[in-house]
1. Of all residues in the range 91-125, how many are more than 27 Å from residue 47 (Cα to Cα) and modelled with pLDDT of 85 or more?
2. Does residue 71 satisfy the condition of being within 30 Å of residue 121 (Cβ to Cβ) and among the β-branched types (Val, Ile, Thr)?
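The values are calculated or read from the model by the stated rules, or taken from the named source; none is laboratory data. Worth saying up front: this structure is predicted, and the values here are computed from it rather than measured. As a convention, Cβ positions derive from the backbone with ideal geometry for all residues, glycine included, and neighbour counts pool all protein chains shown.
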Amino acid sequence: MEVKANLNNLRMSPRKTRLLVDLVRGLPVDKALAQLKFANKRAAYPVAKLIESAIANGENTYDLKRDNLFVKEVRVDEGFTLKRWMPKAHGRATVIRKRSSKLSLVLGELIDSGKKSKKSVAAEAPVKLSDLAKEAENANKKESSKKATAKEDKKVEKIAGSEKGFAKTTFRRKVGK
């Protein structure tokens, strides 16, 4: 089983990235991540993140074990190039090329587990909007009936309170300034 992951538009030149990628090609993933952790290159973090992404793809999609994976293939291709201009002597200008990279990573299994397909996830049946609208109408009817009974109860309490000779509300005098 092979697990793939890609990283597009890494704003780092392919030449510098290839130096680091050559260190981890063919290593088990744990050793590759340890190697990247102590590499003193700026490309180490994105490459490590790409390997972690591929490991997560393998574990979650194919149910593979992390210990059984190794870096089978890593390829660094040239991405887009930003062209900027730098003023030079005698009114001339020279091009500054800011290069980018595309990384493709393939993880393989050290010992074949025999798994060939993705995990199947059972999806729920789609919900129709008309059904949702009916449920909302039913809920609104129930709430309105509850409000009506609550208003009737308040009226009954008010009448009962006035029969006893006192009002429900109390008035407070404002303390002046």
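1. Narrowing the range 91-125 to residues more than 27 Å from residue 47 (Cα to Cα): 91-95, 114, 120-125.
Those left that are additionally modelled with pLDDT of 85 or more: 91-95.
Residues in the range 91-125 being more than 27 Å from residue 47 (Cα to Cα) and modelled with pLDDT of 85 or more: 5 in total.
2. Details: within 30 Å of residue 121 (Cβ to Cβ): yes; among the β-branched types (Val, Ile, Thr): yes.
So residue 71 passes the test.
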